[in-house]
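Every number in this text was worked out from the coordinates using simple rules, so none of it is lab data. None of the values given here were measured: they were computed from a predicted structure. Every residue, glycine as well, gets a Cβ built from its backbone with ideal geometry; the counts of neighbours run over all protein chains shown.
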């Protein structure tokens, strides 16, 4: 079964994304910050990560950079899902190793569409 790691410090965002993804047959796990995301990515080896940017401690940009540079996790695609809507943020996110960048609020249709595209390779 396909495992998607949702990284967000908002329990509401996690809940909404979890429900949408699970309804489409995906298994999900969650992390509340970047440090936990890195730990869980190494342990669980998810097939895809949805990464928030603004979080306490290790932010999403830092976590994505770390995941992308680690041989154990660099093959896991990361899609940023954030309220940071500036073009410079999007460019920076992609430079850190993200394969896509979504600005909140994200429709669940868009979330599923992006998950399917990322998992299809």
Could you grab the relative contact order for region 3-120? Cα pairs under 8 Å, six or more apart, rounded to a whole percent. 24 percent
At residue 95 and residue 70, where each label point lies 7 Å from the Cα along Cα→Cβ, what is the point-to-point distance in nanometres? 2.3 nm
Measure of size requested: the Rg and Dmax of the chain, with Cα atoms as the atom set and Å as the unit; please supply both. 12.6, 35
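Work out the FRET efficiency for residue 44 and residue 15 from their Cβ-Cβ distance, taking R0 = 22 Å, and round it to the nearest 0.05.
On the way: r = 19 Å, r/R0 = 0.88.
The computed FRET efficiency comes out at 0.70.
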Label-point separation, residue 86 to residue 112 (7 Å along Cα→Cβ), nm: 3.5 nm
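Test of understanding: what is the full-extension gain from residue 54 to residue 119, defined as 0.36 nm times their sequence separation minus their Cα-Cα distance? Don't jump to the answer; show the numbers that get you there.
Working: separation 65, 0.36 × 65 = 23.40 nm, distance 2.47 nm.
This chain segment gains 20.9 nm when fully extended.
Kindly provide the helix-only [θ] at 222 nm of the chain, computed as the sum of -39,500 (n - 2.57) over DSSP H runs of four or more divided by all residues, to the nearest 500 deg cm²/dmol? If you can, show how the numbers build up before the last one.
Numbers: 5 runs with 56 residues, N = 121.
Roughly -14000 deg cm²/dmol at 222 nm, from the helical runs in the chain.
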Ordering of 2-8, 20-26, 99-105 by burial proxy (mean other Cβ atoms within 10 Å per residue, highest first): 2-8, 99-105, 20-26
